[in-house]
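The values are calculated or read from the model by the stated rules, or taken from the named source; none is laboratory data. Being a predicted model, the structure only gives us computed values, none of them experimental. Here the Cβ is made from the backbone with ideal geometry for all residues, glycine too, and neighbour counts use every protein chain on show.
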Ligand code: GDP
Ligand code: MG
């Protein structure tokens with residue numbers, strides 16, 4: 001249950017660490033770049049820059065490491081890649097996500113009404129791709145703060161008429177920190193002021209160099225608005241997936257991560273889960289973060305009821321006793337008794353930790369924009 005170091009805070013505020021250290025000095029605090037700051041200092045410094053600090057209780061152990069059996073290589077099968085879209089505000093993330101969904105999701109699924117459940121799957125060239133449409137930053141920060149890594153590939157959207165902007169840089173550093181491959185979508189190519197060369201030039205500073213210039217970063221010119229270049233972008237995603245060989249065992253009890261969750265008036269706690277291993281079925285006894293229950297109903301991204309889903313599929317479930325958090329891990333257990341025991345232990349632990357104020361300050365949500 002750490003807080004933030006001077007260096008981490010500086011990064012979040014887009015300031016030089018030396019500037020933060022100076023400010024601290026004015027407050028009478030001698031600090032080094034790796035020093036952990038207490039909550040009050042973080043709030044003071046952030047406040048000085050007009051940034052409000054949101055506090056978030058983080059339970060450290062929402063993973064199920066102790067229950068995860070070793071994967072048997074022989075049982076691993078190819079699974080779809082999970083993709084997040086990041087980039088500066090107004091560079092076209094939402095438009096691109098909509099464009100991909102509209103061109104691909106309904107093909108062969110006539111009559112399906114797309115539901116916004118925080119993620120969706122498309123099929124192209126006989127292969128599936130999962131897109132998270134939660135804010136790209138949340139996927140990286142809130143989720144990673146909880147120890148979850150859900151993204152395989154990042155699409156970095158950069159408007160060709162605007163170039164590299166602050167949130168572009170932030171997205172690059174998130175993706176790099178997570179070790180996730182980046183594909184650059186140079187968007188708004190339909191605009192007269194589009195200057196893709198400038199975008200490529202600017203990105204070389206971040207070691208994102210196109211193949212034509214001797215690098216190994218894939219750049220795809222697109223117009224999200226006009227649906228141009230979408231097929232090429234999807235092709236490139238599949239190409240990266242082929243190289244990276246994403247695999248999972250579909251024949252095991254499901255586990256994965258919460259994409260989003262809320263309390264529904266009629267249905268109770270509703271959570272969108274990303275299955276990362278195994279197959280999730282209706283009726284499965286499940287622990288989700290500190291909540292538990294039995295999967296009552298599952299709905300896919302087309303609003304269809306489904307009975308089971310495999311690796312990399314997003315699905316909305318009901319049947320939990322409480323609302324989990326985005327980034328929480330989930331795991332299915334053999335029997336309901338075990339799930340209940342583990343769920344209850346976790347709930348008690350959570351209450352204890354909250355009482356002990358094991359809280360962690362997080363600035364991440366401030367930057368959640370898509
Ligand atoms: P976001 O903030 O990154 O999600 O950006 P949006 O998807 O909301 O797009 C911001 C604005 O740019 C909207 O007015 C879009 O219609 C426009 N836009 C997005 N993509 C394109 C594109 O390819 N061409 C043009 N001309 N406009 C675009
Ligand atoms: Mg948006």
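A few comments on the model shown:
Rundown of residues vs (1) over 24 Å from the mean Cα position of the chain (by Cα); (2) closer than 14 Å to residue 253 by Cα; (3) crowded, with 23+ Cβ neighbours inside 10 Å, yes/no style:
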site: 315; (1), (2), (3): no, no, yes
site: 328; (1), (2), (3): no, no, yes
site: 331; (1), (2), (3): no, yes, no
site: 337; (1), (2), (3): yes, no, no
site: 345; (1), (2), (3): yes, no, no
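- Selected residue (only one of 168, 134, 154 is modelled with pLDDT of 90 or more and not in a helix (DSSP H, G or I)): 154
- Residue 247 satisfies every condition listed in (1) on the phi > 0 side of the Ramachandran plot; (2) within 19 Å of the chain's Cα centre (by Cα) except (1).
- Region 137-151, subset assigned to a loop (DSSP other than H, G, I, E, B) and in contact with a helix residue (DSSP H, G or I) (Cβ under 8 Å, 6 or more places away or on another chain), residue modelled with the lowest pLDDT: 141
- Residue within region 230-243 that is assigned to a strand (DSSP E or B) and at pLDDT 95 or above present: no
- Filtered residues of region 57-102 (kept if at pLDDT 70 or above, more than 17 Å from the chain's Cα centre (by Cα) and more than 9 Å from ligand 1 (Cβ to nearest atom)): 71, 72, 73, 74, 75, 76, 77, 78, 79, 100, 101, 102
- Answer from 224, 241 - the residue that is within 16 Å of ligand 2 (Cβ to nearest atom) and within 22 Å of the chain's Cα centre (by Cα): 224
- Segments classed as strands (runs of 3 or more DSSP E), wholly inside region 246-352, with at least 2 members that are in contact with a helix residue (DSSP H, G or I) (Cβ under 9 Å, 6 or more places away or on another chain) and touching a residue at least 24 places away in the same chain (Cβ under 8 Å): 255-264, 285-288, 291-299, 329-332
- Residue in region 193-207 that is within 13 Å of ligand 1 (Cβ to nearest atom) and either in a loop (DSSP other than H, G, I, E, B) or within 21 Å of the chain's Cα centre (by Cα) (or both) present: yes
- Flag if residue 218 is touching a residue at least 12 places away in the same chain (Cβ under 8 Å), in a strand (DSSP E or B), out of contact with any helix residue (DSSP H, G or I) (no Cβ under 6 Å at 6 or more places or on another chain) and buried (at least 19 other Cβ atoms within 10 Å of the Cβ): no
- Filtered residues of region 175-190 (kept if away from ligand 2 (no atom under 16 Å from the Cβ), in a loop (DSSP other than H, G, I, E, B) and either touching a strand residue (DSSP E or B) at 6+ places or on another chain (Cβ under 8 Å) or under 13 Å from residue 230 (Cα atoms) (or both)): 180, 181, 189, 190
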